[in-house]
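Engineer: Submitted below is the structure of interest, expressed as structure tokens.
The values are calculated or read from the model by the stated rules, or taken from the named source; none is laboratory data. Here the structure is a predicted model, which means the values were calculated and not measured. Positions of Cβ are backbone-derived with ideal geometry, glycine not excepted, and every protein chain shown enters the neighbour counts. Just so you know, the surface numbers come from the protein's heavy atoms only, side chains and all, with ligands and any DNA or RNA stripped out. Shrake-Rupley method; radii C 1.70, N 1.55, O 1.52, S 1.80 Å.
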Amino acid sequence: MDKLYSHVANSPAMAIFCGLAILVVLVQAAVFFRVAWKQALEMGLSKADLVKVVKSSAVFSIVPSLPIIISYMILLPALGKFFPWLRLSVIGSATYETLAANMAVTSFGFDSLGSADFSPDVFGSLLWVVTLGVFLSSLSALLLRRFDSKMQSVTTNPNSFGKVIPNIMFLGMMATLSAPYLADVTNIPSMAAIVVSALVMIGLNAVGKRAPVLKEFAFSLSMIAGMAAACLITAIL
């Protein structure tokens, strides 16, 4: 009998393969950093100024990293410890990874990503779907250059309707992803997460007008508050 996919997802082999891919990216970042540092010194910047830039960049990188960490915690129970680590370190997002993985799993006849104890074969197919989906979408950026240039000409015209097309497309995408959860009023934990996170976001944005630093954490804190509300409601029910 096949082992549960969790044995494969959390295996040492998966850790090695994912770690090698991330190592390549870290080496690239180190090479770019070294070249940039050398170029900055040649331009006349002092080492003290460069150290200040590195320190400030490191500090301001903490806030954007919080949603990534939260996304990793969301994906960890379903996809294991290592594959979400690879995806969110190199390329990918929690929204895409969850949506694509869930579509792959349901195509095999399972109810959802979180409720299935499927075989390693299904888990392997899931990994391919998630990976090839990003690859094909990235490839489309090269194949649709004429479309991109046309969209730029349309959206840069202040008197054109095309200026709002990107916003409409983004809102439509978010509505498509959110509609199943917003419409299912019987899912109490989901509704609690939506309401609590929305209220926290509104409140933090209001407070952020007087404390701009707090506003930077609004998105991350609202996600944490929503998840905490969902956990609390689930424990009560």
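Engineer: Within the range 1-85, list the trypsin sites (Lys or Arg not before Pro) lying in a DSSP loop whose Cβ has at most 12 other Cβ atoms in a 10 Å radius.
Structural biologist: Lys3
Engineer: If I stretch the segment between Leu214 and Val53 completely, what's the gain in nm (0.36 nm per residue apart, minus their alpha carbon distance), one decimal?
Structural biologist: 55.7 nm
Engineer: So if I take the alpha carbon set of the range 173-237, get Rg, then get Rh from the Kirkwood formula, what is the Rg over Rh ratio?
Structural biologist: For the range 173-237, the value is 1.05.
Engineer: Counting other Cβ atoms within 10 Å of each Cβ, which chymotrypsin sites (Phe, Trp or Tyr not before Pro) in the range 20-111 have at most 16 and sit in a DSSP loop?
Structural biologist: Those that pass, being in a loop and sparsely packed, are Phe108, Phe110.
Engineer: Can you tell me how the range 13-62 classifies by the Cα gyration tensor, rounded, prolate or oblate, using a/c under 1.5 as the rounded cut?
Structural biologist: Oblate, since a/c reaches 1.5 and b/c is not below a/b.
Engineer: Based on the mean of other beta carbon atoms within 10 Å per residue, what is the order of 231-237, 65-71, most packed first?
Structural biologist: Output ranking for 231-237, 65-71: 65-71, 231-237.
Engineer: Ordered by residue, what ³J(HN,Hα) values in Hz, to whole numbers, does the range 187-201 give under the Karplus form 6.51 cos²θ - 1.76 cosθ + 1.60, where θ = phi - 60° and Gly and Pro are x?
Structural biologist: For the range 187-201, the Karplus curve yields 7, 4, x, 5, 5, 5, 4, 5, 5, 5, 5, 5, 5, 5, 5 Hz.
Engineer: Next question. Which sequence of Leu214, Leu23 reflects their accessible areas, 1.4 Å probe, from the largest down?
Structural biologist: The ordering from most to least exposed comes out as Leu23, Leu214.
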